[in-house]
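Asker: Starting off with a structure, shown below.
Computed from the coordinates by the stated procedures, all read-outs in this text should not be read as laboratory data. Note that the structure is a prediction, hence the values are computed from the model and not measured. When we count neighbours, we look across all protein chains shown, and the Cβ atoms used for this are built from the backbone with ideal geometry, even at glycine.
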Amino acid sequence: MTTTAVLVSGRPLVLRKVNDRFATLRRRSRGSHRLVRSRFPMPGGGRRDTIGIPCVTVDLEVLVRSWRRCLDAAGVRDRTARADYSAAAQYFRRRDFSSWVPLRVLIPPESVPHMFAAAALVRYTDDLCDRGPVEGRTQRFEEWAAEVGTALDTGSSKHQMLRPYLHSAGLLNLSCTWIDSYLQGTRIDLDFPGFAHEADYQRYVDTVVLPSFLVAVEVAPGLAPDRKFMPFARLLADGSQRADFLTDVFEDLRDGRLCLPVSDLDRHGVTRADLEQGLDTPGVRALLSATASSARASLVEGERMIGEIPPDYRPFFRFVIGLFHKRLDNVETRGTAIIRRPYHDAVVTAVPLIVRSRRMGASTKALPGRGAHNNRVSSGHPSSGS
């Protein structure tokens, strides 16, 4: 049995691995571990014991208190605004629990509400683009884009996913550059055509992936659009998206989407049918390996970002880069099985990465990792350690 401590706004939580199929979060209380089961209302009615996923239980009392402190630190005083930020955080938690945890744990309290507001807005927009037939998605998205544009122009909205972002934009004096770019670029996802060449993929990174990333991080002081930060943000956007395409390849193919450039398939003598049929051939193995290596190289180059950002934000970005390296490790371990079965992170995958990222604090080093170490050595960068 293993136990790992995790801090949430200064309060220690403990993840205790009971066995391979069950884990609980416990609060350290007077030298003992006290499990607090909290019931939380879920959308559509009903309640459940856990937050986000069935095998993880969080001390809700601790989180509520620390969330109030985050709102105070962020300068959110108005009761209605606080409720809007809470709704955005809850939406993001339900839709992306694995990202909610590190944001909640590793980001400085004064930035947590603002980052949840931006991340929830991006996630809500992505959800509109991903659900239902193309015609319905297109209509919903155009109506939503018009509503966002009006809200940005007027500074007000009746939509609860928009109001916290508008409030943050006002407090932090944000420009509309990245949210406008993101909305414009996201239209490609409504009827995704795929990529004929590498240049098409790189254009997608520039018009969709990078703007969505910058919408979320520009609320943090000292990051976007800092000139030193931007090149590394571009590398991280490239490496993380290519890694996502690998981990999502089975589900994308099942849904009729091929997200790897066709030119890459041609280079390795692979057809789309080979991937759809889950074939284990030398060409398929080479294609997956080359794609993982390209993703890894961008992430390794992007690791230098950690030394260019304010120290308080280094644990979070160290974690993000480390998580994608871990996913690439898993892809390489699975080999061609990645095209035959859906990929999901193990429930406790993020916890040791969070702990190590936080423990390294203001260090400019990245997390050590299996495949990442090999790339750092081959590219001439020193291996990072804790």
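Asker: Show me, for region 110-118, the HN-Hα J-couplings you get by feeding each phi into the Karplus relation (A = 6.51, B = -1.76, C = 1.60, θ = phi - 60°), rounded to Hz, glycine and proline as x.
Answerer: After applying 6.51 cos²θ - 1.76 cosθ + 1.60, I find 5, 9, 4, x, 5, 5, 5, 4, 5 Hz.
Asker: Which aspartates and glutamates does Lys228 reach when only Cα atoms under 20 Å apart count, and residues fewer than 8 places away in its own chain are ignored?
Answerer: Within the straight-line limit of under 20 Å, Lys228 reaches these aspartates and glutamates: Asp206, Glu218, Asp238, Glu301, Glu303, Glu308, Asp312.
Asker: Please compute the alpha carbon radius of gyration of region 77-191, then divide it by the globular-protein estimate 2.2 N^0.38 Å. Two decimals is fine.
Answerer: Taking N as the residue count of region 77-191, the ratio is 1.06.
Asker: Based on the alpha-carbon gyration tensor of region 290-370, what equivalent-ellipsoid semi-axes (square roots of 5 times the eigenvalues) come out, in whole Å, largest first? Display every interim value, and only then the final one.
Answerer: Working: eigenvalues 125, 45, 13 Å².
Calculated on Cα positions only, the semi-axes equal 25, 15, 8 Å.
Asker: Calculate the FRET efficiency for Arg254 and Leu279 from the Cβ-Cβ distance with a Förster distance of 25 Å, rounded to the nearest 0.05. Please report the intermediate quantities before stating the final value.
Answerer: Details: r = 16 Å, r/R0 = 0.62.
That gives a FRET efficiency of 0.95.
Asker: Around Glu308, with a cut-off of 11 angstrom between Cβ atoms, what is the net charge of the other residues, counting Lys and Arg +1 and Asp and Glu -1?
Answerer: Details: positive: Arg227, Lys228, Arg304, Arg314; negative: Asp226, Glu303.
Within the 11 Å Cβ shell, the charges total +2.
Asker: So, R0 is 51 Å and r is the distance between the beta-carbons of Thr154 and Arg69; what FRET efficiency does that work out to, to 0.05? Provide the component values of the computation, followed by the final result.
Answerer: Values: r = 31 Å, r/R0 = 0.61.
The value I calculate is 0.95.
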